[in-house]
Every structure is written in C-alpha cells, then in structure tokens.
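Just so you know, all these numbers are worked out from the coordinates, no wet-lab data involved. What you see is a predicted model, and the numbers here were worked out from it, not measured in a lab. As a convention, Cβ positions derive from the backbone with ideal geometry for all residues, glycine included, and neighbour counts pool all protein chains shown.
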Amino acid sequence: MPDPNVTTPDSDSARELVVPEGGFWPAPEVPQPNIYPMEWHVETEKLAAIYQKSKVMAWNPADLPWDGLRPGDFTREQRLGIMYWFSVLANFDASGPAVFARATIRAFEKHEEDPVRKCFFSITRDEMNHEECCQRAIGALWPGGPLDWTPETDLERAAHNNIGWLYHNGGRYWNGYNQAVGRYSLAVLFTSFMMGEMAASTLFRGMASATTHPVFSEMFHKIGRDESRHLQICMTILENEWPGLTDEVRGTITRQLRAGFVFLSMILWEPPEGFWELPPYFLNNHRVLMDHARSAGLGVLSYDQQADNWRNAIAKIRVIVERWGIDFPAVPELDIEGVDVSADISSEDIIPVF
Ligand SMILES: [Fe+2]
Ligand SMILES: [Fe+2]
C-alpha cells in the first residue's frame, strides 16, 4: 500500500532543485585526524606505478609446491630447528600485517596522497602472505607450533621456552610501535621501515641462494622480491620527506637506526644488548636450534656470513642516510664506527618492520 503522506513525483521533470534563501549551508568541519575528506590526489607518480606493479607481481603462498615439504625427509631435531627458525621469523613477519594496517589507517587520517595509502595497503597484503608462509611451513613440519604443543625432550623444552621469550619481546615491540606511530613523522617512521626492508631483502636474498630445498628456495625468492619492492616504496617516500629535515629529527633518526639494528639483529644475526629481555641460556640454545635448522638445508647462513651480510646491508643504509646529513650510529658489534647513542635507546624506540 503506498503511504498517503509521501508525495511521489509522477515524473522526473516534476522534481525541482531547492536553493535555500541566503545560500547553501556549509557542512560542519570534519574533526581531525579523520580519514575524510576522501580524495585521490597523486603527487608521486613513481609510487602509483609501484602500486600497480605490486598487483601484477602478486603470488599465492598456497600455490607453493607444499607436497614437496615432507616431514619424513628430516630428522625430528631438524624439523624442530626449522619450526624454531620460522617462529623467530614470525616474531617479525607476523607483526607486519598489523603494523602496516595501522600505518595505512594513519596515512588515511593524515590525508597522505593516494599512492602512499595504496602502497601501505599493498605492503599489508604482502606481509599477510609472508606470515602465511611461516604458518604453512610450521604446520607441515611441526603441527601445533610455534607454542601449542607439548615438548618431550630437553631440546624441545628449550625451543618452546625460547619461543615464549621471543614472543614476550614481540609484545613489547607492539606496545612501543603503537605509541610511536602517532608520535613520529613519516620521515622517522619510514627510515625505520626502510632499515627493516633492507634487512628483510638482504636476509631472504641470502637464504634463497643458500637453501637446498625447492619449497624454501621458491618461498625465499618470492618473499625477497616483495621485500625489495617494500624497500623501493620506503625510499621513494623518504626522497619526498628527507629534504625538509630539522636537526632534531635527524638526531631522532640516528637513534632509530641504532634501535633498528638492535631489534633486527635477532633474525639477521644474533641479539645485542639494549632491547631484548631474554634469560641467560637463551642465546646458547638459540645457536643449537639454528644449527639443526641449518643442517636441514633451510639456508640459514653461518654466524660469520650473517655478520657480513648484515654489515653490507648497514653500509648501504649508511650511504643513503648520510647523503641527507643524518649521522650514523656506532655499531661496534659489527665494527661500524659512528655516533654513540646506545644509552638513549628505550623499548618505545623500536619501530622497524620487515
Ligand atoms: Fe617487508
Ligand atoms: Fe615481510
């Protein structure tokens, strides 16, 4: 039944525009920060092109040849070692989706240009894939891993306990990141992200060539390619952000670079002093477990190769930031000279992401 109170115009031509006397009423200002107004400004064409490329290069972790990853091809210790390494990786890569999702929302709130928002989204997407690789590799070789299983030997108890300590620190990172993301400018955040992406692309390139297993080889090549694209995104954003830096921000970036080294060394090499809260036996047992992963053909580099790789990656970062007048922090662990900022690093300073 038609509602008698509603008048329906009998044809389109009967509708008349309403122009209020005295003009249209301005809409209220949208309180900021807010994702509105929604616009699609493009200032950096290069970022727009990287975003389009990221869609063409998309891949699906489910399509890796998982049938080729057979538990029976490894000893129990090797399977544990591989699960342990992927759990260490997941401490970094599994934070990726949430970290970049938050950065994506932040970019909308700050009305960053459209390609910045889209590139953050694409990194979020990629990191979800990287996390899925950790999930699938662990699921194939150590069901219940990282932590939902009952250890039966001392080696297994050591692995389980170390992973628990790693995730304790992952939780501390997330708390710090949540505060940092609102407090720091894009220049500071992205220098940290850039360091993480440089670390990630270096790690996966090294492991892609060292692994003897076809599933891991394909996985590491594909992740490494994504990480190189993330690095390119960070560099493109930083080229826009760095020219206007103040000395104060430069000083913050120097501290951030040291924080990045402290945080990322856990996966690239070994954890230095300064952030990681770990029991005294952690590192020894970590080495034993890494040896098992290495012997399984996962592609974990030796201690010295890892140090060389990390040193080379840091040298590249140094060249990039020094071009913009940013001092590099001292990294005595790798014989790298620079400004000593180690005393001013706190857990809230840790913001890099893989
Ligand atoms: Fe990444
Ligand atoms: Fe990643």
Exercise. Between residue 148 and residue 75, what is the spin-label point distance in nm, taking each point 7 Å from the Cα along the Cα→C-beta axis?
Worked result: 3.0 nm
Problem set entry | Spherically averaged projected area of region 257-322 from its Cα convex hull (nm²) | 4.9 nm²
Problem set entry | Kyte-Doolittle mean at least 0.0 and Cα axial length at least 27 Å: DSSP H helices in the chain | 186-210, 247-268
Seminar exercise, completed: Fewest to most Cβ atoms within 10 Å: 290, 198 sort as 290, 198
For this session: Once you have a ≥ b ≥ c as the square roots of the Cα gyration tensor eigenvalues for region 147-203, tell me rounded if a/c is under 1.5, and otherwise prolate or oblate according to whether a/b is larger than b/c.
Result: oblate
Problem set entry | By average C-beta atoms within 10 angstrom, highest first, the peptides 103-109, 145-151 | 103-109, 145-151
Problem set entry | Estimated FRET transfer efficiency when R0 is 51 angstrom, pair residue 281-residue 57 (beta carbons, to 0.05) | 0.75
For this session: List the aspartates and glutamates whose Cα lies under 17 Å from the Cα of residue 110, skipping any in the same chain that are fewer than 8 positions away.
Result: 29, 39, 43, 241
Seminar exercise, completed: Per-residue Cβ contact counts at 10 Å, fewest first, order 351, 35, 138 as 35, 138, 351
Problem set entry | Contour excess over end-to-end distance, with Cα ends at residue 179 and residue 40 and 0.36 nm allotted per residue | 47.2 nm
For this session: Kindly provide the helix-only [θ] at 222 nm of the chain, computed as the sum of -39,500 (n - 2.57) over DSSP H runs of four or more divided by all residues, to the nearest 500 deg cm²/dmol?
Result: -20500 deg cm²/dmol
Exercise. Near the amide H of residue 339, under 5 Å away, which other amide H atoms are found, from residues 5 or more places off or on another chain, if H is placed in the peptide plane?
Worked result: 328, 330
Exercise. How far is it, in nm, from the label point at residue 305 to the one at residue 333 when both lie 7 Å from their Cα along the line to the Cβ?
Worked result: 2.0 nm
